Amino acid sequence: MPEYSWDHVHIKTYDVTSSAKWLQDKLGAKPMQGTEITAARADMMLGGVRVLFTEVKQGDGTNATPAIPYAGFEHFGVAVKDIDKACAELKAQGVEFTREPVTPRAGIRIAFIRSPQGISIELLERDAKYK
């Protein structure tokens, strides 16, 4: 079988600049080397994964972001160290939480936030200290 690995996550948005800035300000993403954020496209790096933003326009036939939960791709997860501290910082910045930090099973603590475009992002920390 061929070997597969992650290359990118692609997010279509009505406002590329503010979307990229939000990811940069809230989660520490950085523009990819040699690229710049424009109104039409932004290529960012977050935790070693490319996150690409491209522009869509109202009325171009693009469907709105569905309400969660729904079938199909629902969210992406971002690992973080000291999840409780990270969540406190994001709350202080006004980030919307759709699920407060919880420990659903031994070894993992999670929380969910929503981007301004309605994208669900899971924050998670894997550590044996969570029982």
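Please treat every number below as a calculation from the coordinates, not as lab data. Nothing here was measured: the structure is a model prediction, and the numbers come from that model. So basically every Cβ, Gly included, is an ideal-geometry build from the backbone, and we count neighbours across all protein chains shown.
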Kindly indicate whether residue 45 is in contact with a Lys or Arg (Cβ under 6 Å, 6 or more places away or on another chain) and closer than 24 Å to residue 7 by Cβ.
yes
Can you give me the number of residues within segment 70-112 that are within 17 Å of the chain's Cα centre (by Cα) and touching a residue at least 40 places away in the same chain (Cβ under 8 Å)?
12
Residue tally, condition surrounded by 12 or more Cβ atoms within 10 Å (Cβ to Cβ) and either aliphatic (A, V, I, L, M) or within 17 Å of the chain's Cα centre (by Cα) (or both), over segment 32-53:
14
